[in-house]
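Asks: What follows is a single structure, and I will ask about it in a moment.
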Amino acid sequence: DDASSSESAMRLHFGMNGSFRTRKVANHETQPPPSSTPHWKQNDLRLYFEDGNNPGIYTVAEAWDTTVNYPVSASSARDKFTNSSSRDVCSVLFNAQNVFTSLRQSGSRLNISDALLNQEIFPGVGNIIKIESLHRSKIDPRRMVNSITDIELRRLIRNARQYSMDWLQTGRAGTKLVYNQTVCGTCQGMTIKMQKIGGSSAADGNSSSNSMSRVTFWCTSCQPFDPTSQGNSSGTTSSSTAGSQGTILGRNPTLSNRTQPQCPQHGLRATKLSRVRKEGDNTLRIFFTCKMKSCQY
């Protein structure tokens, strides 16, 4: 027990751009990063483990663009792992019924976007998984959890699990039908909407410590929103949806007075959304650009 209580653990948080890999090296003194690592990535961790069967051979573990917390309590880390494994979206111990129960009990008075990103409720789900699983489940991201039927919620959990496991097994995100898109990949309509959603407060007025406002994409045709179906009688609303209608990224026949930026040479269908990658005031901001590589728009 004394030895167990003195153990330490290391916590790695990858965020949106973090990565982790291991490789074999013969010299642990000076090792450059792998040639496949993008030059703009910041190396935040490098650990060497000696191979007991092969003297002079080491396994190096490296993390980039990652938040490293050390030391943290090993016993607390084990407890958290044990308690959350059945709800972790990529866990071999995943149990959809446990996630369903957690969403109903702990997230019932939350906006569904907040509930999905709450790591105490559904560990492992990030913004892309949230957006794409909501779309595949035909659920508007502004709805409250208590307005979602059992059938809809179970379908959402199934889609989140499927998208996450496909990503894990292939190492690449699956097809993005609405995320960063201007045309819906399902209905082919130019009805994609973009809005910051999140930070909803519980009915007792206390904001969730795990909630945050995140840019969200959805199709207004495939994911219709009916305010009269909301089951939340307390009037709770997402802080980002109150008084805001968001931004329509495609032409909507009911909003003909709004226009979307488009490439003057290649037109609307060649126009896509991108993020600023260079360091500066505009880092990670979204902008319109043309898909054609030779185009300067």
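The values are calculated or read from the model by the stated rules, or taken from the named source; none is laboratory data. Everything numeric here is computed off the predicted structure, so don't read it as measured data. All Cβ positions, even for glycine, are placed from backbone atoms using ideal geometry, and neighbour counts span all protein chains on display. Just the protein is used for accessible areas: all its heavy atoms, side chains included, with ligands, DNA and RNA removed. Shrake-Rupley method; radii C 1.70, N 1.55, O 1.52, S 1.80 Å.
Asks: Could you grab me the full set of residues in the range 131-187 that are among the basic types (Lys, Arg), under 25 Å from GLN97 (Cβ atoms) and either part of a loop (DSSP other than H, G, I, E, B) or in contact with an Asp or Glu (Cβ under 9 Å, 6 or more places away or on another chain) (or both)?
Replies: Selection gives LYS138, ARG143.
Asks: Being open to solvent by 50 Å² or more (accessible area, probe 1.4 Å) and in contact with a helix residue (DSSP H, G or I) (Cβ under 8 Å, 6 or more places away or on another chain): is that true of ARG143 here? If you could, list the steps in order and put the result at the bottom.
Replies: Details: open to solvent by 50 Å² or more (accessible area, probe 1.4 Å): no; in contact with a helix residue (DSSP H, G or I) (Cβ under 8 Å, 6 or more places away or on another chain): yes.
For ARG143, the condition - open to solvent by 50 Å² or more (accessible area, probe 1.4 Å) and in contact with a helix residue (DSSP H, G or I) (Cβ under 8 Å, 6 or more places away or on another chain) - is not met.
Asks: Are there any helices (runs of 4 or more DSSP H) wholly within the range 63-130 with 2 or more residues that are crowded, with 20+ Cβ neighbours inside 10 Å, and if so which?
Replies: In the range 63-130, 96-106, 112-117 are the helices (runs of 4 or more DSSP H) which contain 2 or more residues that are crowded, with 20+ Cβ neighbours inside 10 Å.
Asks: Of everything in the range 157-174, what is at pLDDT 95 or above and open to solvent by 40 Å² or more (accessible area, probe 1.4 Å)? Give them in sequence order.
Replies: Within the range 157-174, ARG158, ARG161, GLN162, ASP166 meet the criteria.
Asks: Let me ask something additional. So which residues in the range 261-293 are modelled with pLDDT of 80 or more, among the aliphatic types (A, V, I, L, M) and more than 18 Å from CYS184 (Cα to Cα)?
Replies: MET292 - this is the single residue of the range 261-293 that is modelled with pLDDT of 80 or more, among the aliphatic types (A, V, I, L, M) and more than 18 Å from CYS184 (Cα to Cα).
Asks: Answer yes or no as to whether GLN169 is under 22 Å from THR82 (Cβ atoms), of a type outside the set (Val, Ile, Thr) and over 16 Å from the mean Cα position of the chain (by Cα).
Replies: When the stated conditions are applied, GLN169 does not pass them.
Asks: How many residues are open to solvent by less than 90 Å² (accessible area, probe 1.4 Å), touching a residue at least 40 places away in the same chain (Cβ under 8 Å) and farther than 30 Å from GLN42 by Cβ if we restrict to the range 268-297?
Replies: Total satisfying the criteria: 2.
Asks: Let me ask you something else. I need the full set of residues from the range 36-53 which are open to solvent by less than 50 Å² (accessible area, probe 1.4 Å) and not in a loop (DSSP other than H, G, I, E, B), in order please.
Replies: Residue satisfying the conditions is LEU45 alone.
Asks: Does GLY56 fit the bill of being at positive phi and either not in a strand (DSSP E or B) or not β-branched (Val, Ile, Thr) (or both)?
Replies: Values: at positive phi: yes; either not in a strand (DSSP E or B) or not β-branched (Val, Ile, Thr) (or both): yes.
The answer is yes for GLY56.
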